[in-house]
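Values quoted throughout were computed directly from the atomic coordinates according to the rules given, and no laboratory measurement underlies them. All values reported here derive from a predicted model rather than from experimental measurement. Using ideal geometry, Cβ is built from the backbone for each residue, glycine included, and neighbour counts are taken over all protein chains shown.
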Amino acid sequence: MVGVISQRKVDQRRLITPEGIDLQVQLADIGARIGAYVIDQIIINVGLVAAFFLIVFGGISAGPEVAITIFILVNFFVRNFYYMFFEMGPKAATPGKRMSKIRVASRSHARLTANAVFARNALREIEINLPLSFLFMSGDSVDGWISLLGLLWSGIFLFFPLFNKDRLRAGDLIAGTWVVRAPKPILAKDLASEKADLDSAFIFTPEQVEAYGVHELHVLENVIRANEFQTVKDVAQRIRNKIKWSKGMSEGDLDFLKAYYAALRGRLETRLLFGVRRKDKFDKT
Amino acid sequence: MVGQITLKSHRFRAEREDSWRELEVILKAIEGRGMKSLSDAQIVALPRLYRSTLSSLSVARATSLDQGVILYLESLTARAYYILYGSQVSLGKRISTFFLRDWPLAAKALWKETAISAALTLLATVLAFILVKNNPDWFYTFMPDSMAQGRTPAASAETLRETLYHDGDADGLGIFASFLFSHNSKVAIFAFALGFAFCIPTAILLMYNGFILGSFIAIFSEKSLGFEVGGWLIIHGATEIFAIILAGAAGLHIGKAVAFPGELTRTESASKAGSAASLLMAGVVIMLFFAGLLEGFGRQLITNDLIRYGIGLGTLTIWMLYFYGPRRQESSE
């Protein structure tokens with residue numbers, strides 16, 4: 001849980017709208033991008049194989065030469081314009097990217113232009129195909145060492161996203177774009193509202209709600225939302241010990257956590273209104 | 001008695017939730033079926049809802065500790081932001097501005113790089129021409145076997161003449177043209193893409209292209225077929241070599257921006273140069289498409305040298321006028 005929160009901090013980037021508010025976009029992680037790439041490649045290749053059979057068998061009447069000509073053109077256009085077509089759309093994402101819940105966005109305030117999409121995809125050629133061509137270069141035509149050096153050199157482009165903090169491909173760098181997460185979270189139920197259903201057995205003293213800060217509150221929120229039996233039990237026990245709460249006869253662990261969450265949030269938010277943000281339990285403000 | 005009263009952040013959420021949902025419905029419609037699917041009322045509501053949700057986000061960040069709400073609002077406002085400030089030009093309009101303004105202006109803006117790129121090609125061509133003229137063995141250094149296809153210094157004048165007017169069998173013309181198009185586009189895309197590495201690979205590629213050209217002309221002129229090979233080359237070369245030179249120029253432009261960013265950061269400089277260069281590249285691909293047609297069909301079907309020269313020089317003039325000719329100043333955008 002703590003890992004999730006700190007990963008958010010690492011991936012967070014500023015995106016200030018013209019209205020002056022920082023939207024704090026999250027960079028897409030490498031895994032999601034590789035996943036998106038693999039899905040897109042599968043779609044392209046399956047589509048091309050299907051197109052090949054369709055054109056070759058459908059085009060017999062027009063002669064095999066016409067059919068092959070059409071296929072070479074289709075092959076070229078599909079391979080080069082698949083990414084551009086989808087990334088110029090309203091979702092700025094290929095089907096693979098949509099499945100991985102990521103999208104292309106402009107790095108600056110400027111809108112994502114068609115030119116930027118073109119540039120970022122034109123460089124795909126050297127990033128992916130260049131290393132591949134060195135890798136599959138046959139040993140007898142070129143000296144093995146040269147092909148190894150070529151592979152290393154072109155590998156710089158392939159692994160470019162791993163070596164810069166914004167995970168930019170060389171194409172992203174040129175085009176002024178980056179790839180960000182585009183999740184569609186549903187508005188989760190407010191945990192504090194559930195507290196009203198509970199009986200009034202949970203009344204905490206001011207000292208008891210002073211025990212924790214915002215960080216612990218967020219961890220607690222995640223624990224309650226995940227609602228795993230063992231975690232809930234352990235966390236409830238630790239909080240009870242910390243605040244010296246004596247467990248009632250029929251007191252449920254989850255109910256206790258919800259009640260404590262609501263109380264803690266109320267306390268911290270009240271202090272927030274007075275300009276005091278208590279970071280975590282070590283924060284003495 | 002702490003926490004007994006309803007939380008302020010909870011009340012805040014309850015009051016605004018409906019307008020968030022409304023925005024979400026509109027966004028979903030746009031992402032699914034486009035702007036056109038919205039009703040007039042929804043279009044009017046969209047900017048208002050976007051601003052109110054943005055303000056909800058700032059209030060929530062300052063006063064609420066409910067992570068669920070903040071995450072939801074961040075993602076909702078980001079989605080709305082990308083739609084409102086995203087690309088709004090229609091595809092047709094985009095294409096027409098590209099041909100009328102963007103492409104020729106980009107070519108014009110990069111004239112210095114184009115000149116350098118052309119000079120490199122020319123230099124390499126002349127160099128290779130002189131070298132091969134003096135010692136035909138150089139030919140084998142420059143030319144890969146797959147490209148020479150028997151057109152070597154050892155070939156007789158008749159064989160060479162034959163290749164100028166009859167490339168392979170005419171049945172395969174279409175295949176040949178489409179193959180050439182996708183091959184040349186790759187060369188051009190490489191010339192562009194490699195510029196990123198401080199111009200050097202682009203310069204090498206351009207010179208290599210020139211070497212091949214020069215040694216080619218040399219072996220033909222050796223057999224006194226200079227005039228004929230000129231016609232053979234110029235009919236498509238005026239477009240194709242020009243396109244590769246422009247691609248090289250685009251590559252050099254980016255390489256220069258990366259190597260000497262000036263007052264900008266290296267990244268900013270690269271992306272600024274990239275936008276102009278990639279416009280030019282889109283045009284280069286179109287030029288190569290024409291060149292492929294000229295090479296595959298025109299060159300094989302038209303065997304008269306003078307007509308070949310006429311077409312070649314004609315297309316060159318058209319390109320020059322289109323890119324560098326005077327044009328009316330239009331107000332921006």
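Along the axis of the charge dipole computed for region B:210-321 (Cβ charges of +1 for Lys and Arg, -1 for Asp and Glu, origin at the Cα centre), the listed residues B:ILE241, B:LEU316, B:ALA259 are led at the positive end by B:ALA259.
From other protein chains only, count the Cβ atoms within 10 Å of every residue's Cβ in A:165-172, then give the mean. Walk me through the intermediate numbers first.
Values: counts 0, 1, 0, 3, 0, 4, 4, 3.
Whole-number average of other-chain Cβ neighbours for A:165-172 is 2.
Placing unit charges on the Cβ atoms only, positive for Lys and Arg and negative for Asp and Glu, gives region B:92-324 a dipole magnitude near 840 debye about its Cα centre.
Roughly how crowded by other chains is peptide B:216-228, in terms of the mean Cβ count from those chains within 10 Å of each of its Cβ atoms? Numbers along the way, then the final one.
Details: counts 0, 0, 0, 0, 0, 0, 0, 0, 0, 0, 0, 0, 0.
Across B:216-228, the average partner-chain Cβ count within 10 Å equals 0.
In this structure, the amide hydrogen of A:ILE102, modeled 1.01 Å from its nitrogen in the peptide plane, lies closer than 5 angstrom to those of A:ALA182, counting only residues at least 5 positions away or on a different chain.
Cα gyration tensor of region A:180-285, axes a ≥ b ≥ c as square roots of the eigenvalues: rounded (a/c below 1.5), prolate (a/b > b/c) or oblate?
Working: a/c = 1.57, a/b = 1.11, b/c = 1.42.
Oblate is the answer for region A:180-285, as a/c is 1.5 or above yet b/c matches or exceeds a/b.
Taking amide H positions as modeled 1.01 Å from N, with prolines and chain starts lacking one, the residues under 5 Å from A:THR177 and 5 or more places away or on another chain are A:ARG107. Each Lys and Arg adds +1 at its Cβ and each Asp and Glu adds -1 at its Cβ; summed about the Cα centre, region A:191-273 shows a dipole of about 220 debye. Averaging Cα coordinates gives a centre for region A:238-254 and one for region B:196-245; these two points are 84 Å apart. With K and R counted +1 and D and E -1, the other residues having a Cβ less than 15 Å from that of A:GLN12 yield a net charge of +4.
Could you tell me the relative contact order of region B:92-324? Use alpha-carbon pairs under 8 Å, at least six residues apart, and round to a whole percent.
Numbers: 303 pairs, mean separation 75.6, N = 233.
Reported as a whole number, the value is 32 percent.
Where does the charge balance sit around B:LYS272 when Lys and Arg score +1, Asp and Glu -1, over other residues with C-beta under 15 Å from its C-beta? That works out to 0.
Counting only other chain Cβ atoms within 10 Å of each residue's Cβ, the peptide B:54-65 averages 4. The phi torsions of region B:309-317, fed into the Karplus equation with coefficients 6.51, -1.76 and 1.60 and a -60° offset, translate into couplings of 4, x, 5, x, 5, x, 5, 4, 4 Hz, rounded to whole numbers, with Gly and Pro shown as x.
Please tell me which of these pairs span more than 25 angstrom C-alpha to C-alpha: A:LYS247/A:LYS279; A:LYS258/B:LYS8; A:LYS97/B:LYS256; A:LYS189/A:LYS242?
On the way: A:LYS247/A:LYS279 28 Å; A:LYS258/B:LYS8 17 Å; A:LYS97/B:LYS256 32 Å; A:LYS189/A:LYS242 28 Å.
Correct reply: A:LYS247/A:LYS279; A:LYS97/B:LYS256; A:LYS189/A:LYS242.
Around A:ASN241, with a cut-off of 12 angstrom between Cβ atoms, what is the net charge of the other residues, counting Lys and Arg +1 and Asp and Glu -1? Numbers along the way, then the final one.
Values: positive: A:ARG238, A:ARG240, A:LYS242, A:LYS244, A:LYS247; negative: A:ASP234.
Summing Lys and Arg as +1 and Asp and Glu as -1 gives +4.
Note that region A:98-110 has calculated 3J(HN,Hα) couplings of 4, 5, 7, 6, 10, 8, 8, 9, 6, 6, 9, 6, 4 Hz, one per residue in order, obtained from phi through the Karplus relation 6.51 cos²θ - 1.76 cosθ + 1.60 (θ = phi - 60°); glycine and proline are x.
Once each part is reduced to its C-alpha centroid, what is the distance from region A:256-279 to region A:24-53 in angstrom? About 44 Å separates the Cα centre of region A:256-279 from the one of region A:24-53. The value of relative contact order for region A:177-285, using C-alpha pairs under 8 Å at least six residues apart, is 41 percent.
Rounded, prolate or oblate: which fits region B:8-84 when a ≥ b ≥ c are the square roots of the eigenvalues of the alpha-carbon gyration tensor, with rounded for a/c under 1.5 and prolate only if a/b beats b/c?
On the way: a/c = 2.47, a/b = 2.02, b/c = 1.22.
Because a/c hits 1.5 or more and a/b exceeds b/c, region B:8-84 counts as prolate.
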